[in-house]
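A short worksheet on the structure shown next.
What follows draws every value from the coordinates through simple rules; no lab data is involved. Owing to the predicted nature of the structure, the values given are computational and were not obtained by experimental measurement. Quick reminder, even Gly has a Cβ in these numbers, built from the backbone with ideal geometry, and neighbours come from all protein chains shown.
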Amino acid sequence: MSDATDTGRLWGGRFTAGPDEAAWALGVSTGFDRHLWRQDLAGSRAHAHELHRIGVLDDAERDALVGALDRCAELFATDGFPFTTGDEDVHGAIERWLVEELGAVGGKLRAGRSRNDQIASDLRLWCRDACDELVGLIGELQAAFVAQAEAHLDWLAPGYTHLQRGQPVLLSHHLLAYVWMLDRDAGRFRDARDRLDESVLGSGALSGQTLGLDPAAYADHLGFSRVAPNSMDAVASRDFALEVLSASAILAVTLSRLGEEVVLWATSEFGFARVGDAFSTGSSIMPQKRNPDVAELTRGKAGRVIGNLVALLTTLKALPLTYDRDLQEDKEPVFDAVGTLRLVLPAITGTVASLTFDRDRLAAASVGGFALATDLAEELVTRGVPFREAHEVVGEVVRLAESRGVDLDGLDPEELAGLHPALDADVAARFDVREAIARRDAVNATALGSVREQLDRARAAAEANRG
Ligand code: ARG
């Protein structure tokens, strides 16, 4: 492996011996950076045009290189690119192949660029597409929630705090909460995409290059909206990858909360929803089982996505400028996180769409557990009772009802009046769950009219992300 032109190794001139086998095995990255072929070839195409503009390539050489890069893309697209064991990384493999195809002209493409700016450019391009794709997949999940909310617009449900029944809500209100959580998740990918949308080719190894290559030309070719303002920053920084990972980790955590709720709803203890057959699995031993595996895996996958973020944070911590080989560790966490979300999002979207809810169980749970105690206290407030006192009094009402084994509406009006003069016969009106929901008619609250308006906004948000 001493001749760099007949291997995928891009160095060797100053060495008398090839690399040790273990050292080589440690450094080889074709196993994962091959996923960057599309971006690498796009950068090379832009580079061929730039080298032509400055006169390093003549017309025929440029055309030969661009033609060969197109053929190379076809090989990759059909999984037929012939990697060899001498290929250290995807950049070297492509150069080796170009030299095999074109002879010396293949070796001209390396002028004025470095794998340092190449890999930074490739990963930015890859992340840019990944952000777009994930925003679209999030939009699909939002749309599934919108459809379910629409189909169950006025169904009652218990709203929880501390996993204890708190106040009644509309099921649609609960379902639409996810649309807004997911909308912020999508927004984080959009933000990350906007910030990483900078071209870095032309930075060379770290300081720029001497040939007169124009960084702005690469931005034009590759569709970046601007040029990275500092070549050292351009080759050294991976905070763009951290942002994609952090958006991924936060999304995975959102999805894990959803997964957990689906698991809970599908238990016989809750019995609020049933997951469709296509998104459930059976047990190999217990014939009666119907398990919400997709929801569980969605919950479980959050661990590895969070791990990917922590892995790259740890790699970058205290790394001196500019490029260090440690940076090769940036790719697998990003690929794994995005790949995981690519698997999870469609599966959990299908699961949400497949849910069938149990109207009676939800309605029964929405009224149990003294869920209207807050309403009663707020009614006392409208009658001039300080809330502190009202809270106390209603606490006594609840204690009394509990001791009698009835809900609030089961108490004798005289007993109620005995606890506080403001607890007259009219307060019974506060014990109706539909009334309680209708009273919460602020724009973001659970009244039917409010949720209808939220539904319109949620639909628009989903559509914007589905794009
Ligand atoms: N495989 C390397 C990476 O992923 C490419 C850049 C190598 N640069 C270098 N100076 N060795 O970061």
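Cβ crowding within 10 Å ranks Thr322, Thr210 as Thr210, Thr322, fewest other Cβ atoms first. Computed from Cα positions, the angle between helix 239-265 and the longest principal axis of the chain comes to roughly 30 degrees.
Please label the shape of segment 353-450 as rounded, prolate or oblate, based on the square roots a ≥ b ≥ c of the eigenvalues of the alpha-carbon gyration tensor (a/c under 1.5 means rounded; beyond that, a/b larger than b/c means prolate, else oblate). Intermediate values should be presented prior to the final figure.
Values: a/c = 2.55, a/b = 1.50, b/c = 1.70.
Oblate, since a/c reaches 1.5 and b/c is not below a/b.
The trypsin sites (Lys or Arg not before Pro) of segment 256-313 meeting both criteria, a DSSP state outside H, G, I, E and B (loop) and at most 15 other C-beta atoms within 10 angstrom of the site's C-beta, are Lys289, Arg290.
Taking a ≥ b ≥ c as the square roots of the eigenvalues of the Cα gyration tensor of segment 34-97, is the shape rounded (a/c under 1.5), prolate (a/b larger than b/c) or oblate? Write down the numbers at each step before the final one.
Values: a/c = 2.15, a/b = 1.90, b/c = 1.13.
Because a/c hits 1.5 or more and a/b exceeds b/c, segment 34-97 counts as prolate.
Considering only Cα atoms, the convex hull volume of segment 200-305 works out to 167 Å³ per residue.
What FRET efficiency comes out for the pair Arg388/Ser207, r = Cβ-Cβ distance, R0 = 51 Å, nearest 0.05?
Numbers: r = 68 Å, r/R0 = 1.34.
Calculated transfer efficiency: 0.15.
Over segment 118-253, all Cα pairs binned in 10 Å intervals from 0 give whole-percent P(r) values of 12, 30, 23, 16, 11, 7, 2, 0, listed from short to long.
So which lysines can Lys331 reach, going by Cα to Cα under 23 Å and dropping same-chain residues fewer than 8 places off? Reachable lysines: Lys301, Lys317. Remark: Ile306, Ile94, Ile54 ranked as Ile54, Ile306, Ile94, counting other beta-carbon atoms within 10 Å and listing the fewest first.
Can you tell me which of 409-422, 351-364 comes out highest on packing, and rank the rest after it, using the mean Cβ neighbours within 10 Å? Numbers along the way, then the final one.
Numbers: 409-422: 14.0, 351-364: 17.3.
The densest-packed peptide leads the list: 351-364, 409-422.
Work out the FRET efficiency for Val310 and Arg434 from their Cβ-Cβ distance, taking R0 = 45 Å, and round it to the nearest 0.05. Don't skip to the end; give the middle numbers.
Values: r = 48 Å, r/R0 = 1.06.
Approximately 0.40, to the nearest 0.05.
Overall shape of the chain was characterised from the C-alpha gyration tensor. The equivalent ellipsoid obtained from it has semi-axes of 62, 22, 19 Å, in decreasing order. Rounded to the nearest 20 debye, the dipole magnitude of the chain is 300 debye, with +1 charges on Lys and Arg beta carbons, -1 on Asp and Glu beta carbons, and the Cα centre as origin. Site pair Asp59 and Tyr160 shows an inter-label distance of 7.2 nm when each label is modelled 7 Å from Cα along Cα→Cβ. In this simple spin-label model, placing a label point 7 Å from the Cα along the Cα-to-Cβ direction at both Ala22 and Ile285 gives a separation of 4.4 nm.
In a simple Cβ point-charge model (Lys, Arg +1; Asp, Glu -1; nothing else charged), segment 122-269 has a dipole of about 280 debye relative to its Cα centre. The long axis of helix 331-354 is offset from the longest Cα principal axis of the chain by roughly 40 degrees. Helix 115-151 sits at what angle to the longest principal axis of the chain, using alpha carbons and giving 0 to 90 degrees rounded to 10? So the helix axis and the longest Cα principal axis differ by about 20 degrees. Placing R0 at 25 angstrom, the Cβ-Cβ distance between Leu264 and Arg404 gives a FRET efficiency of 0.25 after rounding to 0.05. Close amide H pairs (under 5 Å, H built 1.01 Å from N) link Gly166 with Gly159, Tyr160, Thr161, residues at least 5 positions away or on another chain.
Among Leu36, Leu343, Leu153, a tally of other beta-carbon atoms within 10 Å of each Cβ gives an order, fewest to most, of Leu343, Leu153, Leu36.
In a fully extended conformation the segment linking Glu415 and Arg14 would gain 134.7 nm over its present Cα-Cα distance, using 0.36 nm per residue.
Dipole of the chain computed with +1 at Lys/Arg Cβ and -1 at Asp/Glu Cβ about the Cα centre; of Phe370, Ser44, Gly449, farthest Cα towards the positive end is Ser44. Placing +1 on each Lys and Arg Cβ and -1 on each Asp and Glu Cβ, with no other charges, gives segment 321-412 a dipole about its Cα centre of roughly 240 debye.
Highest average first, the peptides 24-31, 12-19 ordered by how many other beta carbon atoms sit within 10 Å of their residues are 24-31, 12-19.
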